[in-house]
1. Looking only at region A:70-80, filter to residues that are modelled with pLDDT of 95 or more and over 18 Å from A:Pro32 (Cα atoms); which one of those is surrounded by the most Cβ atoms within 10 Å (Cβ to Cβ)?
2. Mind listing whichever residues of region B:68-122 are polar (S, T, N, Q) and outside any loop (DSSP other than H, G, I, E, B)?
3. So the check is Cβ under 8 Å with 6+ separation or different chains; which pairs have a first residue in region A:229-246 that's away from chain B (no Cβ under 14 Å) and in contact (Cβ under 8 Å) with a residue 40 or more places away in the chain and a second one that's hydrophobic (A, V, I, L, M, F, W, C) and open to solvent by 40 Å² or more (accessible area, probe 1.4 Å)?
4. Report, by residue number, each residue of region A:253-264 that is among the charged types (D, E, K, R) and touching a residue at least 12 places away in the same chain (Cβ under 8 Å).
5. Consider B:Ala223 carefully, then state whether it is open to solvent by less than 10 Å² (accessible area, probe 1.4 Å), of a type outside the set (Ser, Thr, Tyr), part of a strand (DSSP E or B) and touching a residue at least 12 places away in the same chain (Cβ under 8 Å).
6. Among the residues of region B:201-218, is any open to solvent by 10 Å² or more (accessible area, probe 1.4 Å), without any contact (Cβ under 8 Å) to a residue 24 or more places away in the chain and over 15 Å from B:Ile279 (Cβ atoms)?
7. Scan A:Glu67, A:Glu87, A:Glu62 and give me the residue that is open to solvent by 50 Å² or more (accessible area, probe 1.4 Å), modelled with pLDDT of 90 or more and touching a helix residue (DSSP H, G or I) at 6+ places or on another chain (Cβ under 9 Å).
8. Would you please name the residue that is surrounded by the most Cβ atoms within 10 Å (Cβ to Cβ), looking only at residues in region B:167-192 that are free of Cβ contacts under 8 Å to residues at least 60 places away in the same chain and in contact with a helix residue (DSSP H, G or I) (Cβ under 7 Å, 6 or more places away or on another chain)?
Number of protein chains: 2
Amino acid sequence: MIEDLVDRLRLLRTPGIGPVTFRQLIARFGTPAAALAAVPDLARRGGGKAPVLRTTAQAEREIAQVEKLGARFVALGQGLYPRLLAELEDAPPLLVAKGDLNLLDRQSVAIVGARNASAAACRFARGLAYDLGQQNLVVVSGLARGIDSAAHDGALASGTIGVIAGGIDVFYPPENEGRQRALYEEGLVLAEMPPGTEPRARHFPYRNRIIAGVSSGTVVIEAAPRSGSLITARLAAEAGRDVMAVPGSPLDPRAQGCNQLIRDGATLIQNAADVVEAIRLPASLVRAVRVDYEAPVEALNGDDALGLIEALLGPSPAPVDEIIRLSGASSGAVQMALLELDLAGRLERHAGGKVSLRSA
Amino acid sequence: MIEDLVDRLRLLRTPGIGPVTFRQLIARFGTPAAALAAVPDLARRGGGKAPVLRTTAQAEREIAQVEKLGARFVALGQGLYPRLLAELEDAPPLLVAKGDLNLLDRQSVAIVGARNASAAACRFARGLAYDLGQQNLVVVSGLARGIDSAAHDGALASGTIGVIAGGIDVFYPPENEGRQRALYEEGLVLAEMPPGTEPRARHFPYRNRIIAGVSSGTVVIEAAPRSGSLITARLAAEAGRDVMAVPGSPLDPRAQGCNQLIRDGATLIQNAADVVEAIRLPASLVRAVRVDYEAPVEALNGDDALGLIEALLGPSPAPVDEIIRLSGASSGAVQMALLELDLAGRLERHAGGKVSLRSA
């Protein structure tokens with residue numbers, strides 16, 4: 001059982017508190033309980049209304065629900081949480097997991113691609129997943145149609161993780177219910193959203209960051225330009241992981257995304273040996289480890305900094321480092337002011353540690 | 001008319017005098033006539049029999065033959081000779097050309113590939129050649145079956161050069177006679193061998209160095225592993241030119257050579273725009289220019305160096321630079337000794353400026 005799970009859930013499920021804000025609150029206040037106590041005051045100082053905190057009863061209801069589903073929580077900073085995933089700035093503070101948790105402790109490779117992939121590409125994905133399984137690699141994908149399904153099928157016996165955009169008990173697409181149930185039994189399914197959540201378009205990029213984040217590298221097969229698979233590839237690259245792509249004829253429109261990835265620097269992959277060669281990350285770096293909370297910093301009086309920081313921010317995203325430099329304030333004071341604006345619903349956080357003021 | 005053409009031909013067609021030896025003789029003695037006069041003595045000093053020099057009558061016969069065929073000679077170091085080709089250490093001292101010589105003065109790209117290419121790949125090659133022609137690029141290939149033929153066809157109207165392994169009047173493969181005749185009329189055909197020469201297996205790598213050498217870059221389409229197209233790609237890379245390859249599915253065995261090239265660093269090409277982007281060489285560097293002979297160096301007494309150099313050489317190829325360093329002799333003296341051994345038939349020249357003693 002995760003210590004302080006109720007407080008974690010109350011904090012995390014409170015509207016307006018995303019993974020980055022959660023992590024910064026913990027870094028600042030040490031425990032979810034202390035963060036919960038501080039949030040209303042922080043939001044008011046940031047010039048907004050205090051967010052409506054999730055109640056203990058709501059958190060306990062979700063915990064009971066997850067237990068009843070035969071699933072369990074995996075928490076950032078504690079035992080089983082995958083080390084590579086924890087490296088992400090926006091690592092999910094809590095995951096709901098159902099299946100064989102030992103798979104989180106092995107090195108993994110993501111295989112993603114088109115939902116409407118050709119039969120040949122699906123056959124290739126299944127064979128590649130099987131061969132990677134023989135190399136003791138866990139295959140991660142998104143339980144979607146096409147390439148994802150083929151990858152899970154190929155690696156079912158050796159170890160596969162399906163990361164889904166909705167709740168742990170929601171089957172999407174519906175025809176993949178059997179496959180998802182097979183992963184409950186023989187593999188592992190991970191979800192970031194609470195049970196019962198139907199996946200919406202905006203959930204998929206979040207799901208993709210988990211696929212990329214948990215894996216040493218991501219292999220893309222038959223991705224259309226501007227597809228979700230290319231987002232996963234970009235997230236993998238941003239996380240410093242290997243991006244690999246399977247080429248195709250320029251005459252085949254479904255090969256365009258992968259060919260472009262290779263032009264942009266992804267490693268061309270023809271078989272499992274190529275993947276193994278590309279992934280230079282030693283398995284020892286992948287093992288889950290307990291990461292203790294960062295020590296809480298001394299409480300700061302942010303009053304002075306807040307006005308200054310607010311004046312420095314505008315509607316276009318600016319790097320936090322730049323705000324710190326321009327303000328002349330300490331990094332701690334600036335982070336606190338940003339947290340206050342964030343909890344007041346007045347701050348927008350962007351990729352690459354950039355922030356902007358939300359238009360009123 | 002090329003000055004001293006008779007002497008050039010006599011020297012070049014003498015058995016045992018290849019392009020590298022020819023170039024070194026000219027560098028040393030200034031003119032083909034002076035080189036011809038020096039060869040017997042050099043060979044004797046190198047410890048061999050004097051080669052049987054081609055006669056003036058033989059040279060004049062070849063000149064008359066080329067004229068009768070409506071072709072002409074293009075000589076290294078003179079007006080029309082392509083500047084990029086002249087950069088090769090083993091640039092052909094003379095080419096026989098038939099067709100539109102103006103094509104030698106424009107920037108060109110080679111397209112090479114499998115003789116037994118798929119219909120789809122041939123269609124792609126034809127389209128790519130056409131599109132490159134619209135970008136004012138001349139398309140160079142080898143007048144072989146498959147990709148070569150398709151590339152010539154696509155660029156026939158805009159400008160294409162066929163480099164053949166046999167004599168300028170020999171059609172190989174026979175079914176390409178019509179295509180070669182079309183290039184006489186609308187494009188250009190280049191040959192290194194004398195008229196009437198039937199191409200043999202050993203001629204093709206020499207032909208390939210001209211294809212790669214004359215071009216700013218080489219595009220490979222559907223090449224089998226260990227095929228001639230990959231040799232052309234390697235020669236292009238060694239000459240510092242762009243190597244480009246069209247990818248294919250790993251499930252298609254004909255794509256393996258190209259996919260491997262891309263893994264090894266070749267640029268992945270999907271269309272003419274990709275080729276134009278890859279070729280960074282400005283057209284101004286491609287224009288043919290007159291390159292004067294290097295000034296003849298002072299005649300050296302090589303007697304002393306020769307014995308020493310011979311002792312330093314063995315059956316395995318060694319870099320000339322190393323021989324110079326180990327010998328302590330001047331570069332000029334070492335080169336002269338090597339030339340003597342060469343003309344005596346006792347030296348073997350290898351790629352990358354390496355030399356070895358020929359086993360007796």
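1. Here the answer is A:Ala71.
2. Applying the first criterion (polar (S, T, N, Q)) to region B:68-122 yields B:78, B:102, B:107-108, B:116, B:118.
Scanning region B:68-122 gives B:Asn102, B:Ser108.
3. Note: pairs meeting the criteria are A:Glu238/A:Ala351; A:Arg241/A:Leu281.
4. Our first condition is that a residue be among the charged types (D, E, K, R); within region A:253-264, this holds for A:254, A:263-264.
Residue satisfying the conditions is A:Arg254 alone.
5. Working: open to solvent by less than 10 Å² (accessible area, probe 1.4 Å): yes; of a type outside the set (Ser, Thr, Tyr): yes; part of a strand (DSSP E or B): no; touching a residue at least 12 places away in the same chain (Cβ under 8 Å): yes.
When the stated conditions are applied, B:Ala223 does not pass them.
6. Looking through region B:201-218, at least one residue is open to solvent by 10 Å² or more (accessible area, probe 1.4 Å), without any contact (Cβ under 8 Å) to a residue 24 or more places away in the chain and over 15 Å from B:Ile279 (Cβ atoms).
7. Values: A:Glu67 fails: touching a helix residue (DSSP H, G or I) at 6+ places or on another chain (Cβ under 9 Å); A:Glu62 fails: open to solvent by 50 Å² or more (accessible area, probe 1.4 Å).
From the options A:Glu67, A:Glu87, A:Glu62, the qualifying one is A:Glu87.
8. First pass over region B:167-192, keeping only residues free of Cβ contacts under 8 Å to residues at least 60 places away in the same chain: B:170-182.
Still in the list and also in contact with a helix residue (DSSP H, G or I) (Cβ under 7 Å, 6 or more places away or on another chain): B:171, B:176, B:179.
Working: B:Phe171: 16, B:Asn176: 20, B:Arg179: 18.
Among those residues, the one meeting the criterion is B:Asn176.
The values are calculated or read from the model by the stated rules, or taken from the named source; none is laboratory data. Being a predicted model, the structure only gives us computed values, none of them experimental. Using ideal geometry, Cβ is built from the backbone for each residue, glycine included, and neighbour counts are taken over all protein chains shown. Surface accessibility is based on the protein's heavy atoms, side chains included, excluding ligands, DNA and RNA. Shrake-Rupley method; radii C 1.70, N 1.55, O 1.52, S 1.80 Å.
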